[in-house]
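As structure tokens, the structure follows; a few thoughts come after it.
What follows draws every value from the coordinates through simple rules; no lab data is involved. Please read these numbers as outputs of a predicted model, since none were measured by experiment. Counting neighbours? That spans all protein chains shown, and the Cβs are built from the backbone with ideal geometry, glycine included.
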Amino acid sequence: MHKTSSFVVCIIALCALLTPLTLAAQTCEPGWREAAAAPYVISRGQAVYYDGSIYLASGMTGTGLFLDSYVHEMLIYDIAQDSWTIGPSYDDIGWTAACMAIYDKQAMLFGGFQLPFDYLKTTMIFDINNGGWSTGAQVPTLTGGAYCATLDDHVHVASKTIGNPYTHSVYDARKDTWNSSVAQLPAQIAYGLGATHDGLFYVVGGIEDDAASQACYAFDPDANAWIELAQMRPGRHSPAGGFAADGLLYAFAGGGAGDELWQPHASLSIYDPDLDQWSEHADNMPHPVLGAASAYASAHGGMFVVVGGSDGTQTIDLTQICNLCLIDVQRVEPETVYNDEKTWVTIRGNGFEPGDEAYLSNDQGFVHFVELEVLDADTISALIGEGEPAGVYSLMAHSQSGERDTLADVLEIIEPGGDDDDDDDLACGMSPMGLRSY
């Protein structure tokens with residue numbers, strides 16, 4: 001099954017235009033809100049999302065204007081409970097400016113440095129299942145402030161590095177091996193956003209020639225080549241953000257406002273990869289920051305969780321959340337129904353609200369549900385009528401605001417006593433893959 005989504009342009013600035021709101025129990029309220037503070041102030045931490053929680057490691061902490069110690073443990077934020085726990089330590093000292101990615105229930109830290117800028121090759125792996133740390137094969141070159149993200153079974157790590165300012169290496173997470181014989185990063189940049197989308201590895205913004213960079217590149221693994229894309233305006237270094245379920249890349253805050261490298265922007269830049277186009281929007285992030293840890297969480301209609309960072313005068317411990325409230329259809333249960341009687345199915349996903357609509361379609365026409373009820377933000381119950389034509393159908397969902405999401409080849413209707421045709425089997429009988437969050 002393959003997932004596509006369409007998007008109404010007017011929704012792209014939900015978090016930029018709305019005032020801070022509190023998340024309701026069953027409905028998604030778009031906009032910024034403040035959540036439980038982190039256990040301590042954090043600058044340049046790194047975060048990933050997995051199964052309802054944010055996992056944060058690396059970075060600096062301490063008191064006063066100059067932070068004096070390193071984060072050396074995994075901090076875990078439970079979104080539903082709005083609570084933090086301090087997890088296992090990975091060493092007695094720690095370090096900062098690593099990059100972080102997730103693969104197969106493992107949160108992985110690559111590189112970083114300890115003051116005064118002693119760069120590292122370290123690979124540390126946190127097993128989310130058992131809560132233990134282990135070491136992986138070292139990064140081939142000294143690396144700090146890197147862009148990294150997971151693409152299929154590989155993690156791409158790229159940044160400028162002392163002695164080799166354009167490094168790019170690929171970590172095979174299954175084999176614990178590195179490959180450096182890939183096209184190198186085409187610009188001397190670091191401290192920006194790394195993300196993956198639609199088979200490409202993106203690097204966005206950063207520091208370049210002692211200024212906030214406007215750079216935007218995508219690496220195509222099939223062609224082993226970098227693609228120069230439309231520049232982000234304004235330039236940002238150390239922004240929060242990433243790709244969301246709508247297929248757009250969000251870059252919040254980050255340094256470079258007014259050509260001041262360490263002054264955070266009070267604005268939001270959004271990149272549309274289909275158009276290769278950036279747009280800038282006013283943003284009411286409660287506390288604009290640079291050097292925050294951030295991750296996109298697909299739960300509850302999609303949200304960006306931003307933790308810590310510097311507001312230009314001090315490092316903070318705040319957890320700031322931007323709810324996007326996107327419709328995100330993930331699967332239909334069951335995947336096969338008979339057409340000799342009415343059948344209830346359950347539509348699973350995120351961002352559903354009362355009044356949303358859904359229907360089935362294929363190249364033969366449409367099937368409208370006899371009844372449809374939004375049970376909560378993650379669940380729709382729908383009744384398929386008796387006698388509907390046999391075939392494989394896609395599901396289309398519509399929100400009242402005009403947002404849409406489509407999941408292809410998600411349900412098969414068959415006649416009783418017969419079997420489905422070999423040529424229209426659902427993909428290996430598997431549930432559709434949802435959006436990957438890094």
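Converting phi to 3J(HN,Hα) with the Karplus coefficients 6.51, -1.76 and 1.60 and the offset θ = phi - 60°, segment 304-315 yields 9, 9, 10, 10, x, x, 10, 8, x, 10, 7, 8 Hz in sequence order, with x at every glycine or proline. Here the calculated FRET efficiency for Ala211 and Asp68, from their Cβ-Cβ distance with R0 = 35 Å, stands at 0.80, rounded to the nearest 0.05. Only Cα pairs under 8 Å and 6+ residues apart enter the sum, and on that basis the relative contact order of segment 184-265 stands at 24 percent.
Report, in deg cm²/dmol and to the nearest 500, the calculated mean residue ellipticity at 222 nm for the chain, where each DSSP H run with n ≥ 4 adds -39500 (n - 2.57) and the sum is divided by the residue count.
Numbers: 1 runs with 4 residues, N = 438.
Mean residue ellipticity at 222 nm (helix-derived): 0 deg cm²/dmol.
The Kirkwood radius of segment 238-359, taken over pairs of alpha-carbon atoms, gives through the Stokes-Einstein law at 25 °C and 0.890 mPa s a diffusion coefficient of 149 µm² s⁻¹. On a full-extension model of 0.36 nm per residue, what is the gain between Gln188 and Asp311, subtracting their alpha-carbon distance, rounded to one decimal in nm? Extra length available between Gln188 and Asp311 comes to 41.7 nm. Other residues with beta-carbon under 12 Å from the beta-carbon of Arg174 carry, at +1 per Lys or Arg and -1 per Asp or Glu, a net charge of -4. Note that segment 327-335 has calculated 3J(HN,Hα) couplings of 6, 9, 7, 10, 6, 10, 10, x, 7 Hz, one per residue in order, obtained from phi through the Karplus relation 6.51 cos²θ - 1.76 cosθ + 1.60 (θ = phi - 60°); glycine and proline are x. Estimated at 0.36 nm per residue, the fully extended path between Glu373 and Ala230 surpasses their Cα-Cα distance by 47.2 nm. Comparing Cα centroids, segment 267-320 and segment 185-199 end up 17 angstrom apart.
Sequentially through segment 290-297, phi angles give Karplus couplings (6.51, -1.76, 1.60; θ = phi - 60°) of 10, x, 7, 7, 8, 7, 8, 10 Hz, Gly and Pro residues having no value and appearing as x. Translational diffusion of segment 110-213, estimated by Stokes-Einstein from the Kirkwood radius over alpha carbon pairs at 4 °C in a medium of 1.567 mPa s, is 92 µm² per second. For the chain, dividing the convex hull volume of the Cα atoms by the residue count gives 144 Å³ per residue.
Magnitude of the charge dipole for the chain, about its Cα centre and with charges confined to Cβ atoms of Lys, Arg (+1) and Asp, Glu (-1), is about 2160 debye. Taking every C-alpha pair closer than 8 Å and separated by at least 6 residues, the mean separation divided by the residue count of segment 350-412 gives a relative contact order of 33 percent.
Measuring between their Cα centroids, segment 331-372 and segment 80-129 lie 42 Å from each other.
Can you put Phe352, Phe126, Phe369 in order, fewest other beta carbons within 10 Å first?
Values: Phe352 27, Phe126 24, Phe369 19.
Placing the least packed residue first, the sequence is Phe369, Phe126, Phe352.
Based on alpha-carbon atoms, the Kirkwood radius and the radius of gyration of segment 286-339 give Rg/Rh equal to 1.32.
Here the contact order of the chain, divided by its residue count and restricted to Cα pairs under 8 Å and six or more residues apart, works out to 15 percent.
Neighbour counting of Cβ atoms within 10 Å sorts the residues Arg44, Arg331, fewest neighbours leading, into Arg331, Arg44. Residues Asp378, Asp210, Asp68, ranked from the fewest to the most other C-beta atoms within 10 Å, line up as Asp210, Asp68, Asp378.
Out of segment 251-291, which chymotrypsin sites (Phe, Trp or Tyr not before Pro) are coil in DSSP terms and have no more than 15 other C-beta atoms within 10 Å?
Counting only loop positions with at most 15 other Cβ atoms within 10 Å, the chymotrypsin sites (Phe, Trp or Tyr not before Pro) in segment 251-291 are Trp262.
Within the chain, how many Lys pairs sit with Cα atoms under 24 Å apart, leaving out pairs fewer than 8 places apart on the same chain? Kindly include the intermediate steps, with their values, before the conclusion.
Working: Lys3/Lys105; Lys105/Lys121; Lys105/Lys175; Lys121/Lys160; Lys121/Lys175.
Step by step, the pairs that qualify in the chain add up to 5.
For segment 178-306, a Kirkwood hydrodynamic radius built from all Cα pairs, placed in the Stokes-Einstein relation at 25 °C and 0.890 mPa s, yields a translational diffusion coefficient of 166 µm²/s.
How much of the pair distance distribution for segment 53-147 lies past 21 Å, counting alpha-carbon pairs only, in percent? Mind showing how you got there, number by number?
On the way: 1407 of 4465 pairs.
When all Cα pairs of segment 53-147 are counted, 32 percent exceed 21 Å.
Specify which residue in the list Tyr70, Val139, Pro116 is farthest towards the positive end of the charge dipole of segment 51-150, using unit charges on the beta carbon of Lys, Arg (+1) and Asp, Glu (-1), about the Cα centre. Comparing the listed Cα positions along the dipole, Val139 ranks first.
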